[in-house]
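Okay, structure first, notes after.
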Amino acid sequence: MARRSSSSSSSGAWRYLNPAYYLKRPKRLALLFFVFVAATFAFWDRQSLVSEYELACSTSISMHALEGLGPLPLGGPGWLPHLPSLWASTIQWEEYGRMGIVRYFISLDLSQSEISRLENEINQLHGQLRKAGVHLDENPTSDEMSRKDLVEIDPINIDRREKVKDAMLHAWNSYVKYAWGMDELQPRSKNGVNSFGGLGATLVDSLDTLYIMGLKDEFRKARDWVAESLRFDKDYDASVFETTIRVVGGLLSAYDMSGDKVFLDKAKDIADRLLPAWDSTSGIPYNSINLVHGRAHNFGWTNGDSILADSGTEQLEFIALSQRTGDPKYQLKAENVIRQLQKIYPSDGLLPIYINPQSGTASYSTITFGAMGDSFYEYLLKVWIQGNKTESVKHYREMWETSMEGLISLTRRTTPSNYSYICEKNGGSLSDKMDELACFAPGMLALGASGYGPEKAKQIMNLAEELARTCYNFYQTTPTKLAGENYYFHEGQDMNVGTSWNILRPETVESLMYLWRLTGNKTYQDWGWDIFQAFEKNSRIESGYVGLKDVNSGEKDDKMQSFFLAETLKYLYLLFSPPSVISLDEWVFNTEAHPLRIVPVHGSKGDSTDTKTPVVSLGRKQGKQG
Ligand code: DMJ
């Protein structure tokens, strides 16, 4: 019986191979066709994932191998091997220390619309297969789970990042339309203003942001302007600090990303014009210099003194310039400043904001991590990172750690909500005031934490997180949800806005970017998103972005600061990008958010005269507009 039954069922099965069977049953023919298409799709999908993964790994390895060969051939992004199928892929190699296991994360950086389309297609296929009686295993095995872990697609981040990119395009297009080639856009007046002597500050400040966001046409147009129209022979007294962080930093970063030598030549031209500013008795620079005559002086309102932040925030750029040109003169001038300040460094590592350029001594003045002090401390840490944390830059780290003890001594807590904040110091007394500018400090602390032993690192990271919470609340406690310029802390009242303008500053989102990258806590992304939305609501107008004269009333000003494009939007974009986009292991951000490539040391550590031309390639979707 069993045998007959089996043979009859088998002969029944054979009829499914007979085409006539299907010709009489069109629905079954359609079903068969559908199953065939679905199976082909599933097979193809799996194959292309595997091959993209393999290609990505081998490319990454060969790129590293190329780098190891020394200077790369001529500049321009064009020479790089194009990886059309890899525009989307970024790879992060994450080492699991003790276990010694290396995991590969591939984040497919697809656009939101592509993801939605693929998801829809997959869902439709699942549904149709289910209807046809084909049930896929919807409880993935551990193998499939680990594959899912490898392919990270976070639609929320992708959506947020696209919105930030859209904001950049809006800011950029407004600048192009109303202020092309000028320093800054006045969006409400719809014209440009040369607040930095006509150096194209917004354009130069925007170059690397455009590049990172993959806005290639915009980048090329800006590049051509730099090549053809950017001139520095201006009879103008320029700020050495502002010109260095925006123009030298912006050009060097564009060079590091694109490899286009026009940026390096321009950076050298402007830096050569700034150099005489360091010709003081002590080597502490004068903070202003005429770009044609080379006459240097200090601003009238400082009583002849140099400003701490203005004097100690050129090291990253000038060291990078020496590395890339092979000429040590820039590095020598800038590094000498730190050696001079080391001679007068107090035991708490806190220097007043005014330094006399003749004597090289500090004048009686405020101590602060806000305006005029801030980036001096930031650069102590970052030069140590730029120098591959080697012996030759050890004194930067030591000075920085001393200053962090000073910072801790300035930290107090509010009542009733227990927010930490950093006081300012005048003589022997503390003032319960903190600038929003000082909100770079949480990011700096987080970045420097890993250089300590485990216990201290934890303490520093905790402080970073606490201060970030305070800075986020600078935004959340105002009616516009945008922070004022500074805050006062009174017993029982937590925080009150002092100076109430907001000029599109980046410091808080900068810290959120570092904290998210270094802790993996997505809360920081959510906080950054809140701040972005407040900018969209209050600062976006039809012709660009403006600051607010008052964060309580929402009254607008008429300036789109160049750092909004250089810093605020870049940090927000990176906050929603995989950490491998401008990896903190390979890049160090100057204080204007211009990433400078860390030149790796060859063999023995600390070879800071390496002049290798660093070049970075765009990722697939990073390089795609829209
Ligand atoms: C920028 O020019 C830099 O971040 C600088 O260090 C501080 N001020 C602005 C942004 O607020």
For segment 566-581, take each phi angle, set θ = phi - 60°, evaluate the Karplus expression 6.51 cos²θ - 1.76 cosθ + 1.60, and give the result in whole Hz per residue in order, putting x for glycine and proline.
-> 6, 10, 4, 6, 5, 5, 5, 4, 6, 4, 10, 10, x, x, 6, 7
Taking a probe of 1.4 Å and leaving out DNA, RNA and ligands, segment 218-360 shows per residue an accessible area in Å² of 34 Å²
Under a Cβ-Cβ cut-off of 13 Å, what is the net charge of the residues other than residue 395 that fall near it, where Lys and Arg count +1 and Asp and Glu count -1?
-> +1
Quick one: Cα centre-to-centre distance for segment 440-502 and segment 166-187, in angstrom?
-> 31 Å
Ratio of the Cα radius of gyration of segment 291-414 to 2.2 N^0.38 Å, where N counts its residues = 1.09
Mean projected area (nm²) from the convex hull of Cα positions in segment 367-525 is 9.7 nm²
Fully extended contour minus Cα-Cα distance, from residue 180 to residue 490, at 0.36 nm per residue = 107.1 nm
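Ranked highest first by the average count of other Cβ atoms within 10 Å around their residues, in what order do 465-474, 481-490 fall?
465-474, 481-490
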List, largest first, the extents of the alpha carbons of segment 161-305 along their principal axes, each in whole Å.
-> 50, 37, 28
Rounded to whole Å², per residue accessible area for segment 365-516 with a 1.4 Å probe reads 32 Å²
Roughly how much of residue 176 is accessible, in Å² to the nearest 10, using a 1.4 Å probe?
-> 40 Å²
Starting from the Cα of residue 457, move 7 Å in the Cα-to-Cβ direction to define the label point; list residues of segment 575-595 whose amide nitrogen is under 17 Å from there.
-> 584-586
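How much length is gained on full extension from residue 430 to residue 34, taking 0.36 nm per residue of separation minus their Cα-Cα distance?
Computed gain between residue 430 and residue 34 is 135.1 nm.
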Whenever you get a sec, line up 348, 310 from highest to lowest accessible area (probe 1.4 Å, protein heavy atoms).
-> 348, 310
Provide, for q = 0.15, 0.28 Å⁻¹, the log10 of I(q)/I(0) from a solvent-free Debye sum over equal Cα point scatterers in segment 160-207.
-> -0.37, -0.97
Segment 231-304 versus segment 520-576: alpha-carbon centroid distance in Å = 28 Å
Under a 1.4 Å probe, counting only protein heavy atoms, residue 374 has an accessible area in Å², nearest 10, of 20 Å²
Phi-derived 3J(HN,Hα) across segment 343-352 with the Karplus relation (6.51, -1.76, 1.60, θ = phi - 60°), rounded Hz, x for Gly and Pro, is 5, 10, 5, x, 5, 8, x, 10, 9, x
Along the principal axes of its C-alpha atoms, what lengths does segment 491-597 span, in descending order and rounded to whole Å?
-> 42, 40, 21
Compute the length gained on full extension between residue 391 and residue 153: take 0.36 nm times their separation in residues and subtract their Cα-Cα distance, giving the result in nm to one decimal.
-> 81.6 nm
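The values are calculated or read from the model by the stated rules, or taken from the named source; none is laboratory data. All of these numbers come straight from a predicted model, not from anything done at the bench. We place every Cβ from the backbone using ideal geometry, glycine too, and count neighbours over all the protein chains shown. Only protein heavy atoms, including side chains, enter the accessible area calculation; ligands, DNA and RNA are left aside. Shrake-Rupley method; radii C 1.70, N 1.55, O 1.52, S 1.80 Å.
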